[in-house]
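Report on the following structure.
The values are calculated or read from the model by the stated rules, or taken from the named source; none is laboratory data. Remember, it's a predicted structure, so these values are computed and weren't measured experimentally. Heads up, the Cβs are rebuilt from the backbone with ideal geometry, glycines too, and the neighbour counts pull from every protein chain shown. For the accessible areas, the whole protein counts, side chains as well, though only heavy atoms, and no ligand, DNA or RNA atoms are used. Shrake-Rupley method; radii C 1.70, N 1.55, O 1.52, S 1.80 Å.
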Amino acid sequence: MKVFPSLLSADFSKLGAELSSIETAKADGVHLDIMDGVFVPNLTFGPPIVKSLRPHTKLDFDCHLMVTNPDPLIEPFKFAGANGITVHLESCPHIQRTLSQIRSHGLRAGVALNPGTDFKGLNWVLDQIDLVLVMTVNPGFGGQKLIEPALSKAGALSKWLDKECAQLGLKKPLIQIDGGVDPSHVARAKELGVDILVAGTAVFGTKDYAKAIAGLRG
Ligand code: DX5
Ligand code: ZN
C-alpha cells in the first residue's frame, strides 16, 4: 500500500518545510489538491505555487484537478513539475482527449470519480487511464468523514478492472482513494484492491508524520 499525504491539510505558511518533513517520514508521493471555487466550493493554488515547491522535494507530485475546465491547465502543471494529473470525469466532456493530452506530456493520467459517479463511464477509455481516483468524500475540503458506499465502490471497480483489462490486454490502472481515510480503513482498502491511500488530516493532523504514514501503510 502506498501513502500519498494531501498537502491540503499541511501548514500553508511553510509548505516547503512540510514537504521535506513528509519526504523524511517516507511518504510515497504528495497529493496536491487544485480547486477552482467553481467545480468545488473552495480555492487552493495553481501552477506557480507548485513550481515553487518543486525544488523542495523529490517526491512524486500527484496533482488532483478539481476544476471545471482542466484542459488548459495540463501544460502549465507539467512545466510546474507534476508527475501525474488526475481530472474529474464529471468535469470532462471530452475525457478521451483530456487523458491522451496528459499522457502526451509524459505524465500519469488519472480519472477521479465523485462518490455518486459510476465507474462504467470509463469503459471506452480504459486504454488511456493509468490511475482511477475513487473519491471517498465529496471533494472540496479536508477533514470530512469517509463515505462508506464510495469505499465499497473501489472494490467493485477493482474486480471490474481485472476483468475488462484482461479482456482488452491492458495493464490494470492503479486505484487510489481520497477523503476521510484513516488507519481504521487500511485493512479493508487492501482487501478491496486499493493501491494508494491519500490522507490529509490523518498525516498532517498528527505530531509524528513518520508514525502516521507507517500506520496508514499497514
Ligand atoms: C478533498 C481532497 C482530499 C483531501 C483529503 O477534496 O481531494 O485530497 O485533502 O483530506 P482528508 O484526508 O483530511 O479527508
Ligand atoms: Zn484530492
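Taking amide H as placed 1.01 Å from N in the peptide plane, the amide H of Arg108 sits under 5 Å from that of Gly84, Ile85, each at least 5 places away or on another chain.
DSSP finds beta bridges in the chain, and of those with both partners inside it, around 5 percent are antiparallel. Computed over the range 46-145, the Cα gyration tensor eigenvalues convert (square root of 5λ each) into semi-axes of 22, 17, 11 Å, ordered from largest to smallest.
Note that the range 201-208 has calculated 3J(HN,Hα) couplings of 4, 5, 10, 6, x, 10, 8, 10 Hz, one per residue in order, obtained from phi through the Karplus relation 6.51 cos²θ - 1.76 cosθ + 1.60 (θ = phi - 60°); glycine and proline are x. Accessible surface computed residue by residue for the chain, with neighbouring protein chains in place and a 1.4 Å probe, gives 44 Å² per residue.
Only bridges with both residues in the range 1-68 count here: give the DSSP antiparallel percent, nearest 5. Please list the in-between numbers first.
Numbers: 1 of 8 bridges.
If we restrict to bridges inside the range 1-68, about 10 percent are antiparallel.
Using the eigenvalues of the Cα gyration tensor, what equivalent ellipsoid semi-axes result for the range 110-157 when each is taken as the square root of five times the eigenvalue, whole Å, largest first? All intermediate terms of the calculation are to be shown ahead of the outcome.
Numbers: eigenvalues 85, 27, 13 Å².
Computed over the range 110-157, the values are 21, 12, 8 Å.
Computed from the alpha carbon positions, the gyration tensor of the chain leads to an equivalent ellipsoid with semi-axes of 24, 21, 16 Å, biggest first. Highest mean packing comes first when the peptides 160-172, 60-72, 16-28 are listed by Cβ atoms within 10 Å, giving 60-72, 16-28, 160-172. Couplings 3J(HN,Hα) for the range 175-183, derived from phi with the Karplus relation 6.51 cos²θ - 1.76 cosθ + 1.60 (θ = phi - 60°), are 10, 10, 10, 8, x, x, 7, 9, x Hz, where x marks Gly and Pro.
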